[in-house]
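Peer 1: Encoded as structure tokens, here's the structure I'll be asking about.
Quick note: the coordinates plus some simple rules give every number you see, no bench work behind them. All values reported here derive from a predicted model rather than from experimental measurement. Note that each Cβ is placed from the backbone with ideal geometry, even for glycine, and that neighbours are counted across all protein chains shown.
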Amino acid sequence: MKESYKLYTALLVLFAIIILAPKVNSVGEISFCCEKTTSGAWCMNAPEAECNEDYRSVPTSCQATSFCKLGWCYDSQEGTCLPNVPQVVCSENNGVWSVGESEPPQCSLGCCVLGDQASFVTQTSCKALSADYGLETNFRSDIKTELECISSVTSEEEGACVFEEDFQRTCQRTTQKKCSDMKKSSSDSNVEFYAGVLCSAEDLGTNCGPTEQTTCIEGKDEVFYLDSCGNLANIYDSSKQNSKEYWTKIFGWDESCGVGKSNAGSNSCGNCDYFAGSTCKQYERGVDRVKPVFGNYICRDLSCKDEDFKKENNRYPQHGESWCVSNSEKGNVPGAEYYREVCYNSEITIENCASYRQEICIENEIPTRDGILFSARCSANFWQDCIAQENKDDCENEQRDCVWTQTKDDEKKLTGEICVPRYAPGFDFWKEESDATNICSIASAECVAKFEKGLLEGTWDCKENCHCCVNGKFGDKEYEGCTGSTWGNQLQNICTSLGDCGPKLNYEGAKGYGYNNSLVTVDGEPLEQNTKPPTRR
């Protein structure tokens with residue numbers, strides 16, 4: 001509903017009109033009445049130099065001028081009507097000006113009814129408002145005050161609508177508006193509305209009374225009592241079955257049992273909450289744990305019975321909760337993919353993230369009063385330009401899913417740096433046009449170690465590039481000077497981070513082609529490497 005109008009808005013920006021008698025200031029300068037000042041003020045006494053040359057000015061008080069005389073200003077388009085407005089101001093804003101202390105007829109206010117709302121405005125304003133809302137004009141000039149106008153409009157407040165039917169005093173729970181409409185269309189003048197009261201209230205003297213019956217209502221979560229006339233009563237609470245007050249006054253959900261809880265599976269309280277994981281359902285043996293004390297409806301638990309989730313989190317997933325899962329316990333290995341599982345109305349649905357780990361599943365924890373809930377989503381894996389980054393800042397920019405990785409020798413000296421994907425992508429490496437070979441080859445490195453034959457037969461001592469040793473040995477043999485090096489394992493981790501590269505088990509735990517090939521060679525011949533399979537990163 002409009003709260004201001006064009007003319008009213010224009011007038012608000014004007015200065016307060018000051019009416020002063022002409023006077024001479026301390027330096028003998030005569031004060032003029034400026035129709036408009038250079039600063040934009042209207043009808044103000046000021047020195048002649050401050051008067052706008054495009055408007056009138058006289059060396060007298062503004063109160064004594066005709067052009068600054070005050071009167072009523074009426075906007076014929078919007079219907080607004082304001083008193084004590086100078087004629088020039090009214091004209092500048094396309095208003096109709098009239099002089100006099102009494103209000104012009106076109107400024108008379110009345111009650112403009114707009115559906116279930118009302119506004120105390122002029123008839124012209126009422127026509128404009130009605131047109132804005134697409135309603136027929138309903139202007140009541142007989143209503144003389146704003147309070148009376150607002151009170152005349154029926155509301156959506158619920159209560160008991162009492163009337164006579166078949167020679168009985170009966171009742172219907174409805175809104176004040178509908179009860180008023182019923183009164184207008186009925187020949188019975190005894191239709192009365194009682195706001196906030198149930199039809200089962202004893203004081204009403206109707207044929208409606210308490211029962212043990214309950215029901216569900218479309219669009220509402222809760223279980224409700226029914227009275228003997230079939231009217232909705234308050235939320236089901238077995239402890240209030242015999243309470244006269246509970247069958248007299250309408251109580252809101254926040255005044256009922258189990259406030260702030262889901263009350264799922266409760267046999268005594270029907271204050272269900274869909275967002276907390278429950279809703280009104282008819283009781284089913286074998287589905288619901290207990291039968292309600294009264295009636296045949298209960299707050300049905302909407303959580304999902306997922307044993308894997310419970311094993312990890314010590315509870316079942318709640319209605320609306322989502323979480324991440326993968327088909328692999330070994331991390332980002334060939335064939336591994338991410339999924340998003342969602343619990344909705346006690347059923348679990350599975351949503352696949354994009355294949356080849358082009359999407360990853362991100363899981364967030366949402367704090368609640370009773371603990372935490374999980375919320376998961378599939379998100380694009382931005383790995384494509386990781387290997388092209390040449391410094392740590394660019395690599396770990398938030399727009400990429402990359403990590404800066406370094407390799408070091410036994411003395412902790414830096415031997416190499418590279419930017420690799422945070423989440424290793426998958427490849428269709430079996431296809432000829434696949435980029436798998438080119439990408440995986442980036443991690444290939446050559447490190448030549450030199451050994452010297454020892455004094456004892458069959459012994460060799462490492463002399464140069466001893467950091468090339470893997471786990472302190474070459475193949476299955478240990479050598480002097482090859483103790484504790486992890487350089488080869490570091491390269492292996494880089495290799496597996498690039499994607500489906502290096503010696504990995506696939507998502508089913510099967511070894512890939514060449515899994516047992518050595519990471520090092522002696523004289524160009526590969527040696528078997530007795531290391532454990534790579535663990536999950």
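Peer 1: For segment 251-387, what are Rg and Dmax over the alpha carbons, in angstrom?
Peer 2: Calculated on Cα positions, Rg and Dmax stand at 18.9, 68 Å.
Peer 1: Right, here's the next one. With a Förster radius of 56 Å, plug the Cβ-Cβ distance of Tyr344 and Ser141 into 1/(1 + (r/R0)^6) and report the FRET value to the nearest 0.05.
Peer 2: Numbers: r = 56 Å, r/R0 = 1.01.
Taking R0 as 56 Å, the efficiency between Tyr344 and Ser141 is 0.50.
Peer 1: Note down the nm distance, to one decimal, between modelled labels 7 Å out along Cα→Cβ at Leu456 and at Phe275.
Peer 2: Label-label distance for Leu456 and Phe275, simple model: 7.6 nm.
Peer 1: Moving to a separate point now. Taking θ as phi - 60°, what are the ³J(HN,Hα) couplings along segment 288-305 by the Karplus curve (6.51, -1.76, 1.60), each to the nearest whole Hz, with x for Gly and Pro?
Peer 2: Once θ is set to phi - 60°, the couplings for segment 288-305 become 8, 5, 10, 8, x, 4, 10, x, 9, 10, 8, 7, 6, 6, 9, 6, 10, 8 Hz.
Peer 1: What is the spin-label model distance, in nm, from Ala354 to Lys244 if the labels are put 7 Å beyond Cα along the C-beta direction?
Peer 2: Here the answer is 7.0 nm between the modelled labels.
Peer 1: If amide H atoms are built 1.01 Å from N in the plane of the peptide, which residues on other chains or at least 5 residues away come under 5 Å of the amide H of Val121?
Peer 2: Here Gly110, Cys112 satisfy the definition.
Peer 1: Go through 127-134, 76-83 and give me the packing order, highest mean Cβ count within 10 Å leading. Write down the numbers at each step before the final one.
Peer 2: Numbers: 127-134: 14.1, 76-83: 18.9.
Sorting 127-134, 76-83 by mean packing, highest first, produces 76-83, 127-134.
Peer 1: Using every pair of alpha-carbon atoms in segment 110-151, split the distances into 5 Å bins beginning at 0 and state the percent of pairs per bin, rounded to integers.
Peer 2: 6, 30, 37, 20, 7, 0
Peer 1: Once you charge only the Cβ atoms, +1 for Lys and Arg and -1 for Asp and Glu, what is the size of the charge dipole of segment 88-214 about its Cα centre, to the nearest 20 debye? Each step should come with its number before you reach the end.
Peer 2: On the way: 9 positive and 21 negative charges, 62 e Å.
That gives segment 88-214 a dipole magnitude of about 300 debye.
Peer 1: Then there is this: Amide H neighbours of Leu198 under 5 Å, at least 5 residues apart or on other chains, H built in the peptide plane: list them.
Peer 2: Lys249, Ile250
Peer 1: For Cys299, what charge total do you get from the other residues with a beta carbon under 11 Å from its beta carbon, if Lys and Arg give +1 and Asp and Glu give -1? Before the final figure, lay out each step's value.
Peer 2: Working: positive: Lys261, Lys281, Arg300; negative: Asp221, Glu222, Asp273, Asp288, Asp301.
Spelling it out: positives minus negatives among the neighbours equals -2.
Peer 1: When the label point is put 7 Å from the Cα of Glu164 along its Cα-to-beta-carbon vector, which residues of segment 173-199 have a backbone N closer than 18 Å?
Peer 2: Label zone hits: 182-193.
Peer 1: Okay, next question. Evaluate the Kirkwood expression for the hydrodynamic radius of segment 203-330, namely the inverse of the mean inverse distance over all pairs of different C-alpha atoms, and round to one decimal in Å. Spell out each step's value before the answer.
Peer 2: Values: mean 1/r = 0.0623 Å⁻¹.
After inverting the mean inverse Cα-Cα distance, the result is 16.1 Å.
Peer 1: Let me know the Kirkwood hydrodynamic radius for segment 203-265, please, with Cα pairs as the basis and the value in Å to one decimal.
Peer 2: 12.4 Å
Peer 1: For segment 245-259, just list the computed ³J(HN,Hα) in residue order, Karplus coefficients 6.51, -1.76 and 1.60, θ = phi - 60°, integers in Hz, with x standing in for Gly and Pro.
Peer 2: Once rounded to whole Hz, the list reads 5, 5, 9, 10, 9, 7, 9, x, 4, 7, 10, 9, 5, x, 4.
Peer 1: Let me ask you something else. Here are some pairs, Lys281/Lys311; Lys291/Lys311; Lys127/Lys184; Lys177/Lys244; Lys413/Lys463; which of them have Cα atoms lying more than 19 Å apart in this structure? It would help to have the intermediate numbers written out before the result.
Peer 2: Details: Lys281/Lys311 28 Å; Lys291/Lys311 29 Å; Lys127/Lys184 25 Å; Lys177/Lys244 27 Å; Lys413/Lys463 17 Å.
With Cα atoms farther than 19 Å apart: Lys281/Lys311; Lys291/Lys311; Lys127/Lys184; Lys177/Lys244.
Peer 1: While we're looking at this one, here's another question. How high is the FRET efficiency between Lys305 and Glu365 when r is their beta carbon distance and R₀ equals 35 Å, given to the nearest 0.05? Don't jump to the answer; show the numbers that get you there.
Peer 2: Values: r = 22 Å, r/R0 = 0.63.
Efficiency at R0 = 35 Å is approximately 0.95.
Peer 1: In addition: Can you list the residues, at least 5 places off or on another chain, whose amide H is less than 5 Å from the amide H of Tyr283, using H built in the peptide plane?
Peer 2: Close amide H contacts, sequence-distant or interchain: Tyr297, Ile298.
Peer 1: Rounded to whole Å and ordered largest first, report the semi-axes of the equivalent ellipsoid of segment 307-380 derived from its Cα gyration tensor (root of 5λ).
Peer 2: Details: eigenvalues 102, 32, 28 Å².
Ellipsoid half-lengths, sorted descending, are 23, 13, 12 Å.
Peer 1: Working only with C-alpha atoms, what are the Rg and Dmax values of segment 73-158, expressed in angstrom?
Peer 2: Cα radius of gyration and Dmax of segment 73-158 are 14.6, 52 Å respectively.
Peer 1: Another one. Modelling each spin label as a point 7 Å along the Cα-to-Cβ direction, I'd like the Asn391/Met182 distance in nm, to one decimal.
Peer 2: Between Asn391 and Met182, the simple spin-label model gives 7.8 nm.
Peer 1: Determine which residues of segment 57-82 fall in the zone a paramagnetic label at Ala131 would reach in this model, i.e. backbone nitrogen under 19 Å from the point 7 Å along Cα→Cβ.
Peer 2: Correct set: 74-81.
Peer 1: Quick one: length gained pulling Ala64 to Asn207 fully straight, 0.36 nm per residue minus the C-alpha distance? Could the numbers behind the result be given before it?
Peer 2: Values: separation 143, 0.36 × 143 = 51.48 nm, distance 7.53 nm.
Separation in residues times 0.36 nm, less the Cα-Cα distance, equals 43.9 nm.
Peer 1: Note the full-extension length gain between Lys412 and Glu48 as 0.36 nm times their separation in residues minus their Cα-Cα distance, in nm to one decimal.
Peer 2: Working: separation 364, 0.36 × 364 = 131.04 nm, distance 8.74 nm.
Extra length from Lys412 to Glu48 when fully extended: 122.3 nm.
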